[in-house]
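Each remark here refers to the structure printed beneath this line.
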Amino acid sequence: MRWCLCAVLPVTLVAQVRPAGSPLDPIAHLTIPIVNTVAIPRLFEPIVPVGLFHALGLAAGLVDDVERSRGSIRAHVGGEGGTFRRPFDPDDVSRRGAEAGGWRRLSARRAVWGRAAVQDAGFGNAGHATFTDPYGSSPLVIADTTAPRLRRAAALLEGMIGWRLGGARLGLGAGLDVREDATRDARFVRTARHANPALQVSLGHALPLGLQLVAIGRWSGASETAIFRTEPGSSRAYQFDGFDEPFPRDLAPPSAYLRRNQRDAYALGGALAGGLLGGRFVMGWSRTYRADRHFSLLVNDPPSDTWDADGWTGRAGYHRLILGVAMTLTLHADRLTGDVTRQDIDGVITRVRDTGMGLDLQARWQSARPAWDVGVSFGVDRRRRQVNDFLVRVASDLDVWYPRAAVAVAWTRGSTSFLLGAGVTGSGAYATLPNPTSMGPLYQTYVAPALSRDATRSITIGAMVGVRRRVTELLSFELTPTWQRTGVRGSPAPFGPDGAYTRWAIGAGVVVGR
Amino acid sequence: MKHPVPRMLGMLLGGLAVALPLAAQQANIQGVVRTDAGRPVAAAEARIEGTALVALTDSAGFYRLRSVPPGPQILLVRRIGFAPTRLPITVPTSGTLTVDATLAASALSLPDIIVTADPISRAAGELATASVIDREAIAAQNAVGIRGVLELLPGVPMSPPGIDGPQQFALRNVPSSGSTQLTNGGPGASDLAAFGTQIVVDGVPMSNNANLQTTGPRGEVNVPSTAGGGIDLRTIPAATLERIEAIRGVPSARFGDLTQGVILVETRAGVVPPTLNARYDPRTFSLNAIAGRGFGTRHTVTGHLDVTETRTAPGVRNDLSRRFTGQLAHRATPGRWTLDSRLDLFRVLQDSPERPEVVEGRASRADDRGVRVSHRGRRPVGQQATFELTASVNHVRRDARSQSLLIRSALPFTDRLEPGTSVGKYIGGEYLAAVDLDGSEWHVYTRAELDQSFDALGFTNRTRSGLELRREWNGGPGYQFDIEFPPQTTFNGVQGFDRPRRFDDVPPIASTALYVDHRARAGLAGMALDVQAGMRLDLLHRGTAWFSAPRDQVVQPRVQAELAPAGWFRLRGGWGRTAKMPPLSALYPAPQYFDVVNVNWFTNDPAARLAVLSTFVDDPTNPDLGFAVGTKSEVGVELASGRRGTALAVTVYRDRTRGSAGLNPDPGFLTRDLYDFSDSSFTGVPPTLIEPPTRADTVPILVDRPANNLHLLSEGVEISLTLPEFRPLNLRLDVQGAWARTELERDGLDFGRVFAESFQMNANRPRSPYWESPVRTGERVLLTYRLIHHQPELGLIITATMQHNARDRTQNLGGADTLAFAGYVTRAGELVPVPVERRGDPEFADLRVARIGFFNDPSQSRADWMLGINVTKTLPMGGRLNFFAFNALDRQGRLAEPGFSGRNYPPIRYGMTVMMPLGGPR
C-alpha cells in the first residue's frame, strides 16, 4: 500500500477497489499523511493475483488479471478531527458519499475496470491553506489568515479498458477528479475548484518464458483555482515557497484575488510480469515529471511561481501460495527532486528532494469451506524530505520511518461473515530542522508546527469490524466500520502539536460478484 | 369523401414541380421487429417519419407499410418498454423492400445509439432543414432544461447546466456588439432573434408578446426578465421532453409569428412507467417524477412533476433560482375522435436577497407562475382527411421586485401625472429606490386545420389548410414605485421619465392567420422529388377583437424543394416570407413624462426653497407599427449512407428580417416658461412667484417612439458530419460546424451622448450633431466535435464534446471621426442634414465633436476550446446513471490582448443524475 494514497484521503474520495497506478493516481507527488497507514488486511475483498492490473494499475493487464466480474456500490459516512495536526490540515471534518465500481470481463479479448464516486464534505475548520493538498512535494502553498467553515463537493470518474490482440496487450485509461470548495457563513469568502483529468496508455507484448513486457505512458493535468472575495470581510494571504517569510498580500474590499495552479505531470516507463519460483511477479519503473505553474490572473499571464520536478517511481510485487497460505510481497520506491522559481528572482529559490520507499508482506490463509479467513501484514515505509531554501540559506532534512503490523480474522457462519481486524503503525523521525526561534513569525506560525509534527514520534492504532451477508451466490451486503487514531508518543517536538487525531468511517454497500 | 377545392389547390401548388412526366410509383415496406434477444415484438409501431404511414406488428412481429413514397425515408419503430429505433432507408419506386428492425430493452444496449441531434432528419410534415433530437439523445444530454438540449444544434455554444437566470434561445444568430446605446435601449440582435424563434409545445405556440416586465430604457433598477425576447425556457424541464424538432430552415405555412425558425417540442405522454429522476451537482439539485397509465382502452393519463433549484454562487451569495413544473396529460379516443388535453403548471422563482454587509439595499426577486390548458382534437374526415382543432389558454402571473440604494443630489421634483405647471419639491440624498413589476399575461390560441392526402398526377399529395386566432393581453397591476423615490437616473426628466403604469390599461392584441400548405412527392427512375409550398396570411387587428379591421397584414409565400438523384444524395432549397407581430410593449408604449424646471430656488433652509416644474406628457404610440417581415432562404446538400450511419449535411442560409420593433428617437422640443420671483433669502419662507412668466426658452427632447426600424440579417453555413462507427473501439465521431454572421441595423439617427450631456439644458448651444445609426455586426465560427464511445455489454456511453470557438468577432460599422456627423438638430427639434463635402467648413466647427461612446474597432476573441464529458451507464431494473462535467478541464479562456478582446469560459460544473423506473408500464 502506498502511503501517498492514504494521505489524500482527507481531501479526496475514499478509494474503494482502486489499484495503485490507475489513471488518477498522482504522478510525481509525494505527501506526508496526517494519519499513518494501518494496513489491516481487507478480508472481504478477494485475493487478487499480482499482475499488471492489480499491482501496477495498468489497463494492458486487465485481460490477464480479470477472470470474473465484480462490482460494488457503497455509501459511507465518516469524520475526523483532533489537535495532532498541522496548520494547513483541516479539522472537524464530516463526510458522506457514495461510490460504485468494479471490473468485468467482456470477452476473451476485452476487460474493463471503472469507478465513480461523489462526496460531500463539511469542514468546521478548513485550515489555512486554500489549495487541496498543502503537504505535497511542492512547497508552493497559498494560504490566508482565516480558517473558515467550508463545504466541499467532489466527484470522481475513472475507467480503463484492456484488449488482448494476439500476443499483444493494449490498455487505455482515463479519469476525471473534480472538486469545488465554498466557505460557509464566512465573512471572508474564498472559493476553490479543482479539475484533474488523467490519461493512461499501456502497450504490452508477450515474451518467451511467459513474460509480459509493457510500455507505460501516463499524463495527469490539473487546474486548481482559488478565488478570494473580500466583501464583507478581509484577510491577508501568503504565498509560501519555502522557509522564507512570504510577502503578505492584504485582501480588503473591494478587490478580489485569484490564484490558479496549472499542472502537467507525465510518467513514462515500463513493466515486466511473469512467473518465478512457482509464483507470479511484477515490477514496474517509470520516470516522472511534473510542472506546476501558478498564476494570479488568467493563464496567459507569465506564471508568478513555478515548480518543476522530476524523478522516478518503482514498484514490485510477488505472490505465491506457500503451504496453503497466500503470500504477497510488495515493494515500492519513489524519488523526486523539484525546484521552485519566482518571477521576480532569477534562479532556483527552493529545492526539495523527496524519497519514499516501503515494503509490505501480507499473508492470508483461508480454511477449506471457507469458515475462517485470517490475514496478517507487516511492513515498513520510509519517507524522507530534504528542503533547501536558497533565499534564507536554511535547510531541513526529515527522515520518517513507519513500521507497522496488522491482523484480521473473518469467520463465516451460513451466509453471514464477521470480520475483526486491528493494527498498529508507529512513526519515528531523524530530523534536522531549522531553529524556529531564529526564523520569522510566519515560519513559526505556519511552517514550524508542521515540521515539528512530522518529526514527532507517534503511534497509530486502527480497528475494523465488518459484517457481510451473502444473499445469493453473487450478491452480498456489507457493513464495515473503521476507526484510526494517531497520537503523540512521548512528548511533542518544540512548536509541534500535542494530543491525537482520530478518523472514523462507516461504510455500507452491495457487492455483486465474487 | 372528396374535397375538390383543396385538391385543386394542391394540384396547383404541386404543379410547381411538375415539369417532369412522373408516373405514380410507390413501394411497400415490410419486415419483422424483434428484440435484441431475437424474440418477435408484437404491437410495435412502424412509421415512416414525417408521414401518416403507420402499421402495427402482429404476434410474429411482422409489419407491412403500403404505398410508401420512393426515395430516402426514415423508418421509425417503437414500442413502450423498448428504445425506439430509427432506420434510414431508401425506398424503391416499386416493389417490396424488406427491412427488419431490432428493439432493445434499453437504448444503451443498441449498437448504433444516437446521442446527438440527427442532422439529416426532418420535422414531421416539414421539408425544411431541421435537427431532430429524440428521447434517447435528450436523456444522454443530461440537461436541466430544454436550453441544454438545444446545444445539440449546430452553432449553439455550450453553457453551464442549471437554471441560474432567464434562458432564451435564438436560432441561427450570433450576438452583435452589446452597447444598448446603439439601439437606443431597444432590443439587441440576440433579443430579436430569440423573439422571432417560435417555440411550439405540444402543438401550441408559446408567446412572450404580452410580457411587459421591463423598466424600459430609462430604468435604472432592473429585474431579471425575458421581456423583449423569447419565452423563458426554464419553464420546460428536459426530463419531460419526448422529442424536439428544430426547424432551422423555412418552416411550412402552418407556422407563424416568427422570423428565425421553429422549435417543436413534444412532451411525454401515454403509458409511461413510473420513473424518478434525480440530479445533484454542487449548485443544482433536481428531482422529477413521471408516470402514465391507461384507463380502459380509451383513456391514458400521464403526470409529471419537477422541482429544481440552482444556487448561483454557493458560499458567496445566497442567490437562487427555483423551479416547479407539473403537467397532466390526458388522451381519450371517444368514437372517431382523438382528444389530447394538457394541463401545465409552472413556477420559476429567482431570488437575489440583499447582502447588507456587501451592498446595502440591493436585492431583486422575480416570481413567475403560469398555467396552461390546451386541447387538441383530431377526427378523420372521410378516408384521406383529418380535421384537427387546437385550443389553449395560457396565463402567466409575474411578480418582480427590485431595489437599489441610489445617491442623488437634491433636485427639483414633481409627481404630476397630467400636463401642467405646479410647485414641486426637492428630494435627493441617499434613498432606497424600489420597483414592482406585476404582470398578468394571457394568451388565447385556437387553430382549426384540415389535413388531406390524395394522389394526383403521379404525386403523393398532402394539403393542410387552417385558421389561427390569437389574443394576448396583460392584466397586471403593472409598473409601480413610490414616486417620491424614483428608480430613474434623473428627476427632472428632460430625457423622458416613467411614472407608474397599470398594465390592465393596456389594450389586448388580436391576430388572425389563414394558411394553406401543400406537399407533393413523386419518384422517377430512382430520383425522388419532394416539394412543399404554401401561403400564409397574418392579420394584426386594429381593435382588440378578431372582427376588427386589420392594422397590418402580411402575405407569406413559402416553398421548399428536395431532389434526391440517388438514395444517398439529396439536394435541397427553400425560400419563404415570415412575419412576427410586435410586442405589446411596442404597440402600446408607456407615456413619457418630461418635467422641465421653471424655477429652481435652492437654499440651505428647506423652508425657503421653491421649485416650479412644468410637466409634459407625450404618448409615443405609433399607430403605423406593424409586423416585422422576414425572408428566409437556404440551399443544402445531404449525403447519407443508411448502412453505417454516415451522414454529411451542408446548408447555406440567409435570413433577413426587416422592420422589427425598436425605439426611434424622435426629436422635438418643449417650451419652458421662466418666471420672476421675489427674493426670499434669509426670510425662512419661499419666494413669491410673479405671474405671468416673463420669458420662455426651448428645451430639445427626444421621444422614444416605437417604430419598425430594426433590421436583422443572419447568414451562414451549417455543417453536420456523422462518421461511421469504428467498431473495434466502439468509437464514433460527430462533427457540427457553423459559420454565422449577423448584422443589426437601426433606421433613424443617433444623437449621441452629446445631446443629453451638453445640448438639452444648455440654451447657449443652438444645435447638436447627429449621426447615422451604426450597423452592429457579429460573427462566429463554432465547431463542435463529439467523440462517442459505446460499450453495449456494459450499457455505457461516454461522450466527450469539444467545442472549438474558432472565431468570435463583433464590430460596429459607422463613422467615429469628427467629420462623421450627418447633420444637426436645432433647439426646435429641426433636423438639418449637412452634405459630406461641407462638413469640414468653418461654420460647422461646433459640430465636429467626438462621437462619445461609439467605437468601430473590431472586437475579436482568440480561438480557444473547451471540453465537456458525459458518461451514461445503465443500472439494474432499467435505471440509468449519468455523470457530467461541463468545461471538464476548467479552462479559463484568455485575457484581452492587443487586437483581441478577452475570452472567459464559465468554470467547471459537474454532477450526477440518476433515472430509476419504479415499475413496468401498466
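Per-structure values
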item: Set of aspartates and glutamates with alpha-carbon distance to B:K580 below 12 Å, sequence-local pairs under 8 removed; result: B:D257, B:D538, B:D552
item: Spherically averaged projected area in nm², based on the convex hull that wraps the Cα atoms of the range B:514-600; result: 10.8
item: Cα shape, the protein assembly as shown, gyration tensor, a/c 1.5 rule; result: oblate
item: Mean ellipticity per residue at 222 nm, deg cm²/dmol - from DSSP H runs of n ≥ 4 across chain A, formula -39500 (n - 2.57); result: -500 deg cm²/dmol
item: Calculated [θ] (222 nm, deg cm²/dmol) that DSSP helices of n ≥ 4 give over chain B, each run adding -39,500 (n - 2.57); result: -1000 deg cm²/dmol
item: Per-residue ³J(HN,Hα) for the range A:488-503, Karplus 6.51 cos²θ - 1.76 cosθ + 1.60, θ = phi - 60°, Hz, x for Gly and Pro; result: 6, 10, x, 10, x, 5, x, 6, x, x, 10, x, 8, 9, 10, 9
item: Förster radius 41 Å - calculated FRET efficiency between B:L571 and B:D351 (Cβ-Cβ, nearest 0.05); result: 0.20
item: Inverse of mean 1/r across different Cα pairs in the range A:160-224, Kirkwood, Å; result: 14.8
item: Cα-derived Rg over Rh, computed across the range A:83-154 with Rh taken as Kirkwood radius; result: 1.20
item: For chain B: rounded, prolate or oblate by the Cα gyration tensor [a/c cutoff 1.5]; result: prolate
item: Average partner coverage of B:312-323, which counts Cβ from other chains inside 10 Å; result: 3
item: Stretchable slack from B:T98 to B:V423, in nm (0.36 nm times residue separation minus alpha-carbon distance); result: 108.1 nm
item: DSSP-assigned coil residues among trypsin sites (Lys or Arg not before Pro) in the range A:340-432, each with at most 10 further Cβ atoms within 10 Å; result: A:R393
item: Dimensions in Å of the range B:550-607 - Rg and Dmax from alpha carbons; result: 29.3, 91
item: Inter-probe distance in nm under a simple model that places probes 7 Å from Cα toward Cβ, at A:L475 and B:F726; result: 3.9
item: Stretchable slack from B:E793 to B:L639, in nm (0.36 nm times residue separation minus alpha-carbon distance); result: 52.3 nm
item: Three-way shape call for the range A:254-350 based on the alpha-carbon gyration tensor, with the a/c threshold at 1.5; result: prolate
item: Kirkwood Rh and Cα Rg combined as Rg over Rh, evaluated for the range B:765-894; result: 1.39
item: Fully extended contour minus Cα-Cα distance, from B:M761 to B:V444, at 0.36 nm per residue; result: 109.4 nm
item: Dimensionless Rg over Rh [the range B:116-235; C-alpha; Kirkwood]; result: 0.99
item: Cα-based radius of gyration of the range A:236-293 once divided by 2.2 N^0.38 Å, which approximates compact folds; result: 2.19
item: Chain B: relative contact order as a whole-number percent, Cα under 8 Å and 6+ apart; result: 11
item: Where only alpha carbons of the range B:842-907 are counted, the Rg and the Dmax (Å); result: 24.1, 86
item: Solvent-free Debye scattering, log10 I(q)/I(0), computed from the Cα coordinates of chain A at q = 0.06, 0.07, 0.12 Å⁻¹; result: -0.28, -0.38, -1.15
item: Spacing of the two label points (7 Å from each Cα toward its C-beta) at B:D624 and B:A332, in nm; result: 5.2
item: Principal-axis tilt of helix B:4-14 within chain B, Cα atoms, nearest 10 degrees; result: 80
item: Rounded to the nearest 20 debye, dipole of chain B from Cβ charges on Lys, Arg, Asp, Glu; result: 3580
item: Whole-number D in µm²/s for the range B:459-514 (Stokes-Einstein; Kirkwood sum over Cα pairs; 20 °C, 1.002 mPa s); result: 139
item: Residues in the range B:354-390 that a label on B:F485 would reach, taking backbone N under 19 Å of a point 7 Å out along Cα→Cβ; result: B:354-366
item: Assigned charges on the beta-carbon of Lys, Arg, Asp, Glu; the protein assembly as shown dipole about Cα centre (debye); result: 5880
item: Volume per residue of the C-alpha convex hull in the range B:247-389, rounded to whole Å³; result: 169
item: FRET efficiency, B:T818 to B:L469 (Cβ-Cβ, R0 41 Å, nearest 0.05); result: 0.15
item: Pairwise label distance in nanometres, B:S409 with A:L323, each label 7 Å out on the Cα-Cβ vector; result: 10.0
item: Enclosed volume per residue, in Å³, of the convex hull spanned by Cα atoms of the range A:362-449; result: 126
item: Percent of Cα-Cα distances greater than 23 Å, calculated over the range B:579-690; result: 64
item: Computed E for A:L276/A:T445 - FRET, C-beta separation, R0 51 angstrom, nearest 0.05; result: 0.45
item: Accessible surface buried once A binds B (1.4 Å probe; total of both sides; Å²); result: 3100
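The values are calculated or read from the model by the stated rules, or taken from the named source; none is laboratory data. Just so you know, these numbers come straight off a predicted model, no measurement behind them. Cβ coordinates were reconstructed from backbone atoms using ideal geometry, including for glycine residues, and neighbour counts include every protein chain displayed. Quick note on the areas: whole protein, heavy atoms, side chains included, nothing else; ligands and nucleic acids left out. Shrake-Rupley method; radii C 1.70, N 1.55, O 1.52, S 1.80 Å.
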